[in-house]
1. Would you confirm, using the coordinates I've provided, whether I150 is without any contact (Cβ under 8 Å) to a residue 24 or more places away in the chain, in contact with a helix residue (DSSP H, G or I) (Cβ under 9 Å, 6 or more places away or on another chain), more than 11 Å from W345 (Cβ to Cβ) and surrounded by fewer than 21 Cβ atoms within 10 Å (Cβ to Cβ)?
2. Can you give me the ranges of the strands (runs of 3 or more DSSP E) entirely in the stretch 301-376 with at least 3 residues that are on the phi < 0 side of the Ramachandran plot and either touching a Lys or Arg at 6+ places or on another chain (Cβ under 6 Å) or of a type in the set (G, A, S) (or both)?
3. Please state which of the following conditions E27 fails to meet, knowing it meets all the rest: (1) in a helix (DSSP H, G or I); (2) out of contact with any helix residue (DSSP H, G or I) (no Cβ under 8 Å at 6 or more places or on another chain); (3) acidic (D, E).
4. Y68 versus (1) surrounded by fewer than 20 Cβ atoms within 10 Å (Cβ to Cβ); (2) within 28 Å of L110 (Cα to Cα); (3) touching a residue at least 60 places away in the same chain (Cβ under 8 Å); (4) among the aromatic types (F, W, Y): which is the lone unmet condition?
5. State whether one or more residues within the stretch 276-288 are surrounded by fewer than 20 Cβ atoms within 10 Å (Cβ to Cβ) and β-branched (V, I, T).
6. Which of the following residues is buried (at least 23 other Cβ atoms within 10 Å of the Cβ) and in a helix (DSSP H, G or I): I241, I257?
7. In the stretch 3-23, how many residues are in contact (Cβ under 8 Å) with a residue 40 or more places away in the chain and closer than 22 Å to N337 by Cα?
8. Determine whether F223 is out of contact with any Leu (no Cβ under 9 Å at 6 or more places or on another chain) and either buried (at least 20 other Cβ atoms within 10 Å of the Cβ) or not in a helix (DSSP H, G or I) (or both).
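The values are calculated or read from the model by the stated rules, or taken from the named source; none is laboratory data. Computed from a prediction, not measured in an experiment: that's the story for all the values here. Cβ sites come from the backbone with ideal geometry, for glycine too, and all protein chains shown count toward neighbours.
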Amino acid sequence: MKRINITPRNNWQKIVEKLGFGFHTTEVPYWDESAYYSFRPDEIDAIEKATANLYEMSLCAVQHVIDYKKYELLKIPSWIIPHIEASWENDEPSIYGRMDLCYKNGEIKLLEFNADTPTSLFEASIVQWFWLNDFDKTKDQFNSLHEKLISYWGYLMPYMNIGKLHFACVKESLEDLTNSEYLRDCAIQTGYNTKLTFIDTIGWDETTKNFVDADDEVISNIFKLYPWEWLLQDEFGKNIITDSSKTKWIEPSWKMILSNKGILPILWQLYPKHPLLLKAEFTEDGFSSYAKKPILSREGANIQLIENKKLIQNSNGEYGKEGFIFQELFTLPNYGNNYPVIGSWIVGQQPAGIGIRESKSLITDNTSCFIPHLID
């Protein structure tokens, strides 16, 4: 794995905007094509194999949480547990997830699993692929996201409820809207009848016991780019358990178990000393160097990095009231004060590609850039 500096394309902003990528720049460029990461084929093979193994282990961890009623460790409300267990037993459809991996000195380690509301999908699937075609058509990329998304939407069609497939996100986020619309476009190509809505316009019909959109149309199936833990805190979220339509939620409620950082200590308990895992516990006992992470958090918020019992870095935020987990410190590799994390995607049950987020610090947050990659 190498980091190569290059000259960006002329008018790259207009090029990516034509693809529908409207949030490429904030205070600084979020999409950064002044460099790329180069991988050997054997390195990509190792990442793909690790992703598949970690996903299989993660599914076993879900079964373990359900079998042994470990919900309290994850601070999951008791009232939603029957819904979670039913969604797992009924194999409710899941479309995707993103594992954040650290790849350093030939070792691959799972940092966390964004199993519920992962973003950067559009950049990983479409934007970096078109960059590669402009940069060097003779090279390849670990990226079959688009094909796999279309294929898997097609596979899921017989398992959906009769009715439209709604796509929902918060109205204020262009990033969330872009990712939702991209997934919606993949579903449309498969033959779904879809409809875009926003989370704050979803209503509840008390008479029929149905979720409805702004046009009072019953929501039978819905992809929501909105965290389950937030949905449960919303007043209307509690209607999920009395919903007469038994709406298909994507991602399904069993993904609450995997999107919770409490799954990391559970994985360690199930697979102690596994080479793809970092030691993780619910207490800091026995650690001298560790990352302290909230059980529930977003965008790298409220993390502390401790090395030899001294704080080396931390991030602010509003998370942590549910508690924390403690994970063995395994710092990101340093490429000239650039610290990359590999987001390895699962579509359906299969590894489907990677996207790289790069920071100027050891904590990847919402200011981190997206850097394209290729196989050399």
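1. Numbers: without any contact (Cβ under 8 Å) to a residue 24 or more places away in the chain: no; in contact with a helix residue (DSSP H, G or I) (Cβ under 9 Å, 6 or more places away or on another chain): yes; more than 11 Å from W345 (Cβ to Cβ): yes; surrounded by fewer than 21 Cβ atoms within 10 Å (Cβ to Cβ): yes.
Considered against the rule, which asks whether it is without any contact (Cβ under 8 Å) to a residue 24 or more places away in the chain, in contact with a helix residue (DSSP H, G or I) (Cβ under 9 Å, 6 or more places away or on another chain), more than 11 Å from W345 (Cβ to Cβ) and surrounded by fewer than 21 Cβ atoms within 10 Å (Cβ to Cβ), I150 comes out as no.
2. Once the strands (runs of 3 or more DSSP E) in the stretch 301-376 are filtered for at least 3 residues that are on the phi < 0 side of the Ramachandran plot and either touching a Lys or Arg at 6+ places or on another chain (Cβ under 6 Å) or of a type in the set (G, A, S) (or both), what remains is 324-328, 339-347, 350-359.
3. Status for E27: all satisfied but (1).
4. All conditions are met except number (3).
5. yes
6. Details: I241 fails: buried (at least 23 other Cβ atoms within 10 Å of the Cβ).
One residue alone meets the criteria, I257.
7. Residues in the stretch 3-23 being in contact (Cβ under 8 Å) with a residue 40 or more places away in the chain and closer than 22 Å to N337 by Cα: 2 in total.
8. Working: out of contact with any Leu (no Cβ under 9 Å at 6 or more places or on another chain): no; either buried (at least 20 other Cβ atoms within 10 Å of the Cβ) or not in a helix (DSSP H, G or I) (or both): yes.
Considered against the rule, which asks whether it is out of contact with any Leu (no Cβ under 9 Å at 6 or more places or on another chain) and either buried (at least 20 other Cβ atoms within 10 Å of the Cβ) or not in a helix (DSSP H, G or I) (or both), F223 comes out as no.
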